[in-house]
């Protein structure tokens with residue numbers, strides 16, 4: 001595995017309705033402080049070249065910066081995912097020195113499920129933090145999850161980002177899939193929504209600006225298969241017996257050390273490739289190969305085992321989590 005997203009804890013200061021990991025409280029058997037260091041060691045020994053710290057909300061982890069610095073000392077690249085509410089100028093300064101990629105989410109009120117007063121405070125603080133990131137010349141991405149209720153408001157967020165002169169590397173429109181807490185909120189899921197229709201609403205003055213907007217698709221027409229930044233089929237089947245490194249994969253390590261080749265498969269025990277502390281490197285690599293063969297059998301052509309979703313006739317299933325197409329530059 002070239003990269004791994006490390007859920008350093010499942011604790012979160014939000015209870016977002018779309019959360020695919022059910023973040024909020026600690027999960028059973030979360031790694032101790034000592035074992036989190038060991039987990040980083042074992043990831044490096046496994047050949048991982050980039051560790052992205054996520055959660056839950058990683059900034060709720062009291063030793064977060066210690067873990068990041070330790071991973072950095074192992075000469076791996078560092079990624080960071082946050083909802084941004086706990087950021088301040090001091091933490092941003094620290095993170096700028098440590099991380100290579102940085103993503104901050106911008107949530108709508110229906111996703112957070114909070115009252116107007118709290119949401120107003122949240123938006124104001126988030127915009128302030130985005131301005132600080134811009135002033136510090138931080139290389140960051142903004143992720144905007146879209147629901148069936150807020151997809152039109154996404155354009156308002158893009159306008160707000162433009163008007164406030166926030167300079168994100170990319171604005172990512174994120175599709176909500178029915179996993180985790182979203183299983184109980186399927187009506188808000190947008191995995192079948194055509195993001196191209198959404199982007200048609202972006203004003204011309206923004207299209208002509210330097211804002212880079214990336215969108216996600218759940219499927220594409222086979223005639224578009226070779227379009228730049230479209231990668232068809234499940235990336236897990238690209239793992240082979242000769243080489244278990246796949247740069248398009250999206251491996252996740254849960255807060256208890258369990259490893260999965262895809263974030264969508266997180267906590268689906270059938271697809272666990274081992275535990276970073278309990279299984280040897282050889283066992284994990286062997287499990288990668290076995291899982292790759294299992295998924296090849298299950299998907300046949302165009303079915304995601306996590307979502308049990310088949311592509312329609314003349315379309316190809318595209319992963320809505322990691323496969324992006326840039327529509328506007």
Net length gained if the chain between residue 277 and residue 96 were fully extended (0.36 nm per residue, minus Cα distance): 62.2 nm
Inter-part distance where the range 138-201 and the range 13-44 are each reduced to a Cα centre, Å: 25
Cβ-Cβ FRET estimate between residue 132 and residue 238, R0 fixed at 51 Å, reported to 0.05: 0.85
Nitroxide proxy distance, nm - points 7 Å out along Cα→Cβ at residue 289 and residue 65: 4.4
Projected label distance in nm at residue 184 and residue 164, using a 7 Å step from Cα toward the beta-carbon: 3.0
Sum of -39500 (n - 2.57) over DSSP H runs of 4+, divided by residues of the chain (222 nm, nearest 500): -8500 deg cm²/dmol
Candidates 258, 197, 286, ranked by Gaussian network fluctuation over the chain, Cα under 10 Å, top entry: 197
Which labelled figure in (i) 0.97; (ii) 0.94; (iii) 1.04 is Rg/Rh (Cα atoms, Kirkwood Rh), once derived from the coordinates: (ii)
Antiparallel %, DSSP beta bridges [both residues in the chain], to 5: 35
Among 28, 109, 281, residue whose mean-square fluctuation peaks in a GNM of the chain (springs only between Cα atoms under 10 Å): 28
Ranked by how many other beta carbons lie within 10 Å on average, peptides 29-38, 126-135 from highest: 126-135, 29-38
Gain in span if fully extended, residue 37 to residue 89, counting 0.36 nm per residue against the direct Cα distance: 16.0 nm
Relative exposure of 137, 252, 18, judged by other C-beta atoms within 10 Å (fewest first): 137, 252, 18
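How far, in nm, would the chain grow between residue 29 and residue 121 when pulled straight, counting 0.36 nm per residue and subtracting the alpha carbon separation?
29.7 nm
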Fewest-first ranking of 115, 61, using other Cβ atoms within 10 Å as the exposure measure: 115, 61
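Report the relative contact order of the range 3-328, percent, no decimals, based on alpha-carbon pairs under 8 angstrom and at least 6 residues apart. Don't skip to the answer; put the middle values down first.
Details: 583 pairs, mean separation 63.7, N = 326.
With pairs under 8 Å counted, the relative contact order is 20 percent.
Taken together, the values in this text are just the output of simple stated rules run on the coordinates, not laboratory data. Computed from a prediction, not measured in an experiment: that's the story for all the values here. Positions of Cβ are backbone-derived with ideal geometry, glycine not excepted, and every protein chain shown enters the neighbour counts.
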